1. When the helices in the chain are scored as -39500 (n - 2.57) per DSSP H run of 4 or longer and the sum is shared across all residues, what 222 nm value do you end up with, to the nearest 500 deg cm²/dmol?
2. Accessible area of the chain with a 1.4 Å probe: how many percent of it is carbon plus sulfur?
3. When only DSSP loop residues count, what chymotrypsin sites (Phe, Trp or Tyr not before Pro) in the stretch 14-75 have their Cβ near at most 13 other Cβ atoms within 10 Å?
4. Would you please give the FRET efficiency between N37 and A77, computed as 1/(1 + (r/R0)^6) with r the Cβ-Cβ distance and R0 = 35 Å, to the nearest 0.05?
5. Computed FRET efficiency, Cβ-Cβ of T59 and F4, R0 41 Å: what is it to the nearest 0.05?
6. With the dipole of the chain worked out from charges on the C-beta (+1 for Lys and Arg, -1 for Asp and Glu) around the Cα centre, which of V76, F15, S45 lies farthest toward the positive end?
7. Could you tell me how many degrees, from 0 to 90 and to the nearest 10, lie between the Cα long axis of helix 47-78 and the main elongation axis, the longest principal axis, of the Cα atoms of the chain?
8. What accessible area per residue comes out for the chain, rounded to a whole number of Å², with a 1.4 Å probe?
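The values are calculated or read from the model by the stated rules, or taken from the named source; none is laboratory data. For clarity, every value in this text was computed on a predicted model and none was experimentally measured. Positions of Cβ are generated from backbone atoms using ideal geometry, with glycine treated the same way; all protein chains shown enter the neighbour counts. All accessible areas refer to the heavy atoms of the entire protein, side chains included, with ligands and DNA or RNA removed. Shrake-Rupley method; radii C 1.70, N 1.55, O 1.52, S 1.80 Å.
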Amino acid sequence: TGRFDPDTGKMVELFGGNKTLQSLGVFILWFGWYGFNCGSTLAISGGAANLAGKVAVNTTLAAASGCITASIIGAVAEGIWDISLGLNGVLA
């Protein structure tokens, strides 16, 4: 089989995957962003600690806002709440 049914030509619903593993992968990436984004200050003493803290807060708020926005848009457009859309919003 494929994306389309060979007999009728209609679209076939594709398997969305394992939602638990999708969530785990997103949270692993999200956690890794803290090491990359905050670690980009290359220092933790003096004023750089304050900058690293601001970067951590910005990383958290950006990913969370993307999740909420994608979830709401998905719910309005499709009429269902799908965790995959929220997870894609985190990564966007």
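1. On the way: 3 runs with 56 residues, N = 92.
Rounded to the nearest 500, the figure is -20500 deg cm²/dmol.
2. The C+S portion of the solvent-accessible surface of the chain is 68 percent.
3. Hits after loop and neighbour filter: F15.
4. For N37 and A77, the calculated efficiency is 0.70.
5. 0.50
6. Farthest towards the positive pole: S45.
7. It works out to around 20 degrees.
8. 73 Å²
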